[in-house]
Structure formats: C-alpha cells, structure tokens
Amino acid sequence: MTIQRIRPEPRMSDVVIHNDTIYYTAVPENLDANAKDQTAETLAIIDAVLTEAGSDKSKILDATLFLVHKEDFPAMNEAWDAWVSPGNAPVRCTVQANLMNPKYKIEIKIIAAR
C-alpha cells in the first residue's frame, strides 16, 4: 500500500494519492468574486492539481460541492456545466454549508482516478 502526500502540513495535506486514487479539496482564491466566478476559479484550480497528479477532470469519480447560499445554485451550476467533461460527469452532491471563511461562496471536494 502506498500513500503519497503532496504539500503535507501538520494539519493536512494538499493532495493525497492512494492506489492511483486522488483526494483533493479546493477553495477559491478571489474571495470578492461572485458565486459563478468563485466556482469557475475553484474548478480551474482542480484542473491544475489533477494535471500535477497525472490525471484530468474526465477521471473525477465523485464531487461534493459545499455551497453557502442556495440562491447561488444556478450560478454555480452554470460554471460547473461549462467546465465538466462531456460524457464523463462524476457522481455529484451539493450541500448547503456554512464554510469556515465567511468570504467563501463554495468549496469543492473531489475524488479522481489517476
């Protein structure tokens, strides 16, 4: 059994890879952006991390989206629909949640194959 931790810190690792399965959680960097733009930015960050890990969005198996305001659901979906790999949509769950940083409108957790 091999476990690879990318950019580990005392509290958490940025990415964990176990048996060619990638685990990652992304948050937006532009905290002044609207929900659509924060979603698009977070998805772009996921793209970059998956590339670094030897994968891509077509190999995402599962995605959990944590959305602060349910009113942002259509805007979030607009960004998601423009991004998701055609024919390769993962299992997806969207949860309304109070996130730890009050400026986050979204946080996305993914599990992907390498």
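Every number in this text was worked out from the coordinates using simple rules, so none of it is lab data. Here the structure is a predicted model, which means the values were calculated and not measured. Neighbour counts are summed over all protein chains in view; Cβ atoms, including those assigned to glycine, are modelled from backbone coordinates with ideal geometry.
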| request: Can you tell me the dipole magnitude for the chain around its Cα centre, using point charges on the Cβ only (Lys, Arg +1; Asp, Glu -1), in Debye to the nearest 20? | output: 340
| Could you work out the helix-only [θ] at 222 nm for the chain, with each DSSP H run of four or more residues adding -39,500 (n - 2.57) and the total divided by the number of residues, to the nearest 500 deg cm²/dmol? | -8500 deg cm²/dmol
| query | Which lysines, on any chain, are close to K103 with Cα under 20 Å apart, when same-chain ones fewer than 8 places away are left out? | reply | K36, K70
| Table column - 3J(HN,Hα) (Hz), the range 75-85, Karplus curve with 6.51, -1.76, 1.60, x for Gly and Pro | 5, 4, 4, 4, 5, 4, 4, 6, 9, 4, 5
| request: Fewest Cβ neighbours within 10 Å first, please rank T2, T39, T51 accordingly. | output: T2, T51, T39
| message | With mean projected area of the Cα convex hull in nm² as the read-out, I listed [x] 9.2; [y] 7.2; [z] 6.7; which label goes with the value calculated from this structure? | response | [y]
| remark: To the nearest 10 degrees, the tilt of helix 35-52 (Cα long axis) against the first principal axis of the alpha carbons of the chain is 10
| Percent antiparallel among DSSP beta bridges with both residues in the chain, to the nearest 5? | 80
